[in-house]
Amino acid sequence: MISSETHAPQNGSLYIVATPIGNLEDMSFRAVRILQTVAVIAAEDTRHTGKLLHHFQIKTPQISYHQHNTQTRTPELIKRLQTGQDLALVSDAGMPGISDPGVELVQACIEAGIAVIPIPGANAAIAALVASGLPCDRFCFEGFLPAKGKARQQRLQDLSTESRTIVLYEAPHRLRQTLQDLAEQVGDDRQIVLARELTKRFEEFWQGTLQAAMTHYENNEPKGEFTLVLAGAEVGQTLPSETALRAELQELLAQGWSKSRASRQLAEKHAMSRRQIYQLTLDLE
């Protein structure tokens, strides 16, 4: 007698596949093989990824997966995986999930007991860090800072006492403002490396202080995508709170010091930006 009992198919696997950030020669043999053999590729921009697939003669169909459709697309992809299909997730460049869509799908896979397999490759943050000359043994990745408002100010304030090397991403049209904001929070003498157009034809590294960086990019139009590698605060350096600074300023001003002299004194004392402290003197009025 033949049993009519049916068994649920075994889950497929989700492959998190890194793609080149510029130079196509950075595509790994393993990444090409995975993209050739999965049932479907979930891509941040199917047109952009289509050019990559065409270059490597990969015929696998694509489905869009970006920041505006993750809520509706994630359950659909989970269902595909639960029917036994293997899927690959790619972003426009680099490793999915690193300042790109992907985290929601990975979390859903883990909750559903579906295997998640990373396929390592190019990453702008790591590439910039290892070539920066700044300490690589301890670092933190911040991605893109909040665009504006209290969230941005709070993040910048948090970074002012961070002793690890800091890696940030920034778009060219916001670079000058970000350099200024960083200088005001951490001091304009802090060392920074700006990596531009990594792995591409016009790849460039610029090293110097934040003050020098502001001057350089005032005279040179920022072009391309930037990765910023900022030196951490000196170990043991503890910046005073804004309340404490206000109290010190009021005491010096009460003694007859000018705002400029008081700001310079406290900036030297606490190794902070004079402009940042001078702004507090204006707020005291």
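The values are calculated or read from the model by the stated rules, or taken from the named source; none is laboratory data. Being a predicted model, the structure only gives us computed values, none of them experimental. Cβ atoms come from the backbone with ideal geometry, glycine included; neighbour counts cover every protein chain shown.
Of a type in the set (A, V, I, L, M) and touching a helix residue (DSSP H, G or I) at 6+ places or on another chain (Cβ under 6 Å): is that true of VAL186 in this structure?
No.
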Top-ranked residue in the range 124-133 [being part of a helix (DSSP H, G or I) and touching a residue at least 24 places away in the same chain (Cβ under 8 Å); ranked as nearest to TRP206 (Cα to Cα)]
SER132
The condition of being under 20 Å from MET272 (Cβ atoms), touching a residue at least 60 places away in the same chain (Cβ under 8 Å) and within 27 Å of the chain's Cα centre (by Cα) holds, among GLY232, GLY208, only for GLY232
Can you name every residue in the range 87-123 that is assigned to a strand (DSSP E or B) and either free of Cβ contacts under 8 Å to residues at least 40 places away in the same chain or surrounded by fewer than 14 Cβ atoms within 10 Å (Cβ to Cβ) (or both)?
ALA115, ILE117
Hey, any hits in the range 257-275 for a residue that's of a type outside the set (Asp, Glu), on the phi > 0 side of the Ramachandran plot and surrounded by 14 or more Cβ atoms within 10 Å (Cβ to Cβ)?
yes
Which of the residues spanning the range 64-84 are in contact with a helix residue (DSSP H, G or I) (Cβ under 9 Å, 6 or more places away or on another chain), of a type outside the set (Ser, Thr, Tyr), crowded, with 16+ Cβ neighbours inside 10 Å and closer than 19 Å to GLY12 by Cβ?
ARG73, LEU77, ILE78, LEU81
Among ALA42, ALA31, the single one that is in contact with a strand residue (DSSP E or B) (Cβ under 9 Å, 6 or more places away or on another chain), in a strand (DSSP E or B) and outside the structural domain of TRP206 (by TED's automatic domain parsing) is ALA42
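Test of understanding: among ALA183, ALA147, ALA128, which residue is out of contact with any strand residue (DSSP E or B) (no Cβ under 8 Å at 6 or more places or on another chain), under 27 Å from MET272 (Cβ atoms) and buried (at least 18 other Cβ atoms within 10 Å of the Cβ)?
Values: ALA147 fails: buried (at least 18 other Cβ atoms within 10 Å of the Cβ); ALA128 fails: out of contact with any strand residue (DSSP E or B) (no Cβ under 8 Å at 6 or more places or on another chain).
Testing whether each residue is out of contact with any strand residue (DSSP E or B) (no Cβ under 8 Å at 6 or more places or on another chain), under 27 Å from MET272 (Cβ atoms) and buried (at least 18 other Cβ atoms within 10 Å of the Cβ) leaves just ALA183.
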ALA18 passes all but one of the listed conditions (1) at pLDDT 95 or above; (2) surrounded by fewer than 12 Cβ atoms within 10 Å (Cβ to Cβ); the exception is number (2)
Going by what's in this entry, would GLN10 be described as part of a loop (DSSP other than H, G, I, E, B) and modelled with pLDDT of 95 or more?
no
Tally of residues being touching a residue at least 40 places away in the same chain (Cβ under 8 Å) and more than 15 Å from SER273 (Cα to Cα) across the range 150-177:
14
Which residues, taken from the range 160-204, are part of a loop (DSSP other than H, G, I, E, B), within 10 Å of GLY224 (Cβ to Cβ) and at pLDDT 95 or above?
ALA171, GLU197, LEU198, LYS200, GLU203
Qualifying positions in the range 241-256 - in contact (Cβ under 8 Å) with a residue 24 or more places away in the chain, surrounded by 15 or more Cβ atoms within 10 Å (Cβ to Cβ) and either over 18 Å from GLU184 (Cβ atoms) or touching a strand residue (DSSP E or B) at 6+ places or on another chain (Cβ under 6 Å) (or both)
LEU253
